[in-house]
């Protein structure tokens, strides 16, 4: 599963061709959760309130780019078919397969 962002030890990951609804996976130590991109609600797993707050804030700032990434990933047969770029998001690095014109900052 490609890691699309890491900040404060929190890993944000997204599978390509994964099941609906559009979502991303969060891993922080032993904590795991699945977050719906559209609603920013936890649809699986559990995160501590502090980690959930940071993830929700980050996702709200980048919701449009996350949905774009989901759409592109759902059309790609493998993660290697999408180019990766590094994007500085202020608290870490995002490694997102996005078009050159897309930004997450």
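Bear in mind these aren't lab numbers, they're just calculated from the coordinates by the rules spelled out. This is a predicted model, so every value here is computed, not measured. Quick reminder, even Gly has a Cβ in these numbers, built from the backbone with ideal geometry, and neighbours come from all protein chains shown.
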Next on the checklist: Could you order the peptides 2-13, 29-40 from most to least packed, using the average number of other C-beta atoms within 10 Å per residue?
Outcome noted: 2-13, 29-40
Item to check | Contour minus Cα-Cα distance for residue 60 and residue 19 (0.36 nm per residue) | outcome: 12.6 nm
